[in-house]
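Engineer: This is the structure I have questions about; it appears just below.
The values are calculated or read from the model by the stated rules, or taken from the named source; none is laboratory data. None of the values given here were measured: they were computed from a predicted structure. Note that we place each Cβ from the backbone using ideal geometry, even for glycine, and neighbour counts take in every protein chain shown.
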Amino acid sequence: MNFRDLEYLIALEELKHFRKAAEKCFVSQPTLSGQIRKLEDELNVQLMERSSRKVIFTQAGLDIVAKAKTILLEAKSLKEIAKSYNEPMQGTLHIGLIPTVAPYLLPVIIPVIKEAFPDLDLYLHENQTHVLLKQLEEGELDCLMLALLPGMDQFKQLSLYDEPLELALSDQHQWSSLREVDLHELSGEHVLMLADGHCLRDQAMGFCFAAGAIEDNSFKATSLETLRHMISADNGLTLLPQLAIPLNRHQSGVKYIPFKAPTPSRMISLLSRKNSVRQICFDKLAELIGKAVQDRLNKY
């Protein structure tokens with residue numbers, strides 16, 4: 001038994017398909033199938049039921065997969081421990097980001113990270129919050145950059161920046177000439193929102209509902225850019241995070257108006273596993289990112 005065999009087993013349990021698992025592991029299907037057979041022989045237990053259509057893992061197989069994930073994660077940690085002491089800002093770093101953060105944060109921070117830490121190889125993974133949290137917990141990702149929400153206490157949290165939300169509306173809207181707006185002015189207004197699964201949706205809805213606004217259920221956007229296009233077509237109002245807003249607050253038929261205090265905002269944080277050996281790296285990244293973003297936000 002070796003680590004590679006465990007990787008084959010985990011991939012097969014995840015995909016439930018020998019060919020797809022082999023492709024994910026960059027081996028031939030006969031190689032993967034043969035190694036799984038050898039693993040069953042070595043452990044003297046049936047790990048799965050095989051048929052021409054699907055793969056069904058036995059309870060023994062599921063228990064062994066769970067332990068295999070732990071073993072591989074611990075093995076990875078051994079290498080990371082050594083590297084963290086010798087070269088904390090070198091090597092590969094897999095970072096997860098949510099879709100309402102990644103396109104707007106990365107242009108601000110990637111240049112400064114590469115300048116400050118040229119030997120740090122970044123791999124960026126964009127997904128929704130619940131998927132990223134699972135990947136972080138299972139060791140597929142090293143850290144996350146996302147909006148902090150209740151229920152994340154099992155992870156180490158480093159605050160990066162507090163990001164205000166602003167009102168986005170058509171430049172033909174009656175409020176478009178305002179310099180700022182009170183959140184409670186949204187009472188009775190229909191507001192466009194992102195689709196379910198985006199944490200920004202829940203945060204924006206919390207602010208809007210507290211102000212008495214009404215969600216426009218005729219449309220739910222899959223991205224902030226779709227929301228922006230709907231607003232430019234004069235189809236309503238929405239809230240957008242400040243990094244997604246042009247510095248002059250007016251572009252492509254959309255005006256962006258800051259809210260009066262208390263300003264609705266979201267806290268963007270860096271999350272990592274509490275036992276991660278790369279904490280030195282995360283601390284330095286958080287400090288650098290926080291400064292770079294605050295410099296940007298100060299320009300609004």
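Engineer: Failed condition for Leu271, given (1) touching a helix residue (DSSP H, G or I) at 6+ places or on another chain (Cβ under 8 Å); (2) assigned by TED's automatic domain parsing to the domain that holds Phe209; (3) assigned to a strand (DSSP E or B), with all others met?
Structural biologist: With (1) touching a helix residue (DSSP H, G or I) at 6+ places or on another chain (Cβ under 8 Å); (2) assigned by TED's automatic domain parsing to the domain that holds Phe209; (3) assigned to a strand (DSSP E or B) applied to Leu271, the lone miss is (2).
Engineer: Out of Ile36, Ile10, which single residue is out of contact with any Ser or Thr (no Cβ under 7 Å at 6 or more places or on another chain), farther than 21 Å from Gly139 by Cβ, surrounded by 13 or more Cβ atoms within 10 Å (Cβ to Cβ) and in the same structural domain as Ala60 (by TED's automatic domain parsing)?
Structural biologist: Result of the check over Ile36, Ile10: Ile36.
Engineer: In the range 39-72, how many residues are over 29 Å from the mean Cα position of the chain (by Cα), β-branched (Val, Ile, Thr) and surrounded by 13 or more Cβ atoms within 10 Å (Cβ to Cβ)?
Structural biologist: Qualifying residue count for the region: 3.
Engineer: Something else: Determine, yes or no, whether Pro99 is under 15 Å from Ser269 (Cα atoms) and either modelled with pLDDT of 95 or more or within 23 Å of the chain's Cα centre (by Cα) (or both).
Structural biologist: In short, yes.
Engineer: If you don't mind, another one. Here is a list of conditions, (1) surrounded by 15 or more Cβ atoms within 10 Å (Cβ to Cβ); (2) under 30 Å from Ser77 (Cβ atoms); (3) among the hydroxyl-bearing types (Ser, Thr, Tyr), and Ser159 meets all of them except one; can you say which number that is?
Structural biologist: (1)
Engineer: In addition: I'm trying to understand the selection: among the residues of the range 183-204, which are in a helix (DSSP H, G or I) and within 15 Å of the chain's Cα centre (by Cα)?
Structural biologist: Cys199, Leu200, Arg201
Engineer: Scan the range 102-126 residue by residue and report those that are in contact with a strand residue (DSSP E or B) (Cβ under 6 Å, 6 or more places away or on another chain) and either of a type in the set (Ser, Thr, Tyr) or part of a loop (DSSP other than H, G, I, E, B) (or both).
Structural biologist: If the condition is that a residue be in contact with a strand residue (DSSP E or B) (Cβ under 6 Å, 6 or more places away or on another chain) and either of a type in the set (Ser, Thr, Tyr) or part of a loop (DSSP other than H, G, I, E, B) (or both), then Tyr123 is the only one that fits.
Engineer: Collect the residues in the range 174-230 that are within 17 Å of Gln242 (Cα to Cα) and surrounded by fewer than 13 Cβ atoms within 10 Å (Cβ to Cβ), keeping them in residue-number order.
Structural biologist: Once the filter is applied, which keeps residues that are within 17 Å of Gln242 (Cα to Cα) and surrounded by fewer than 13 Cβ atoms within 10 Å (Cβ to Cβ), the range 174-230 yields Arg179, Glu180, Asp182, Glu225.
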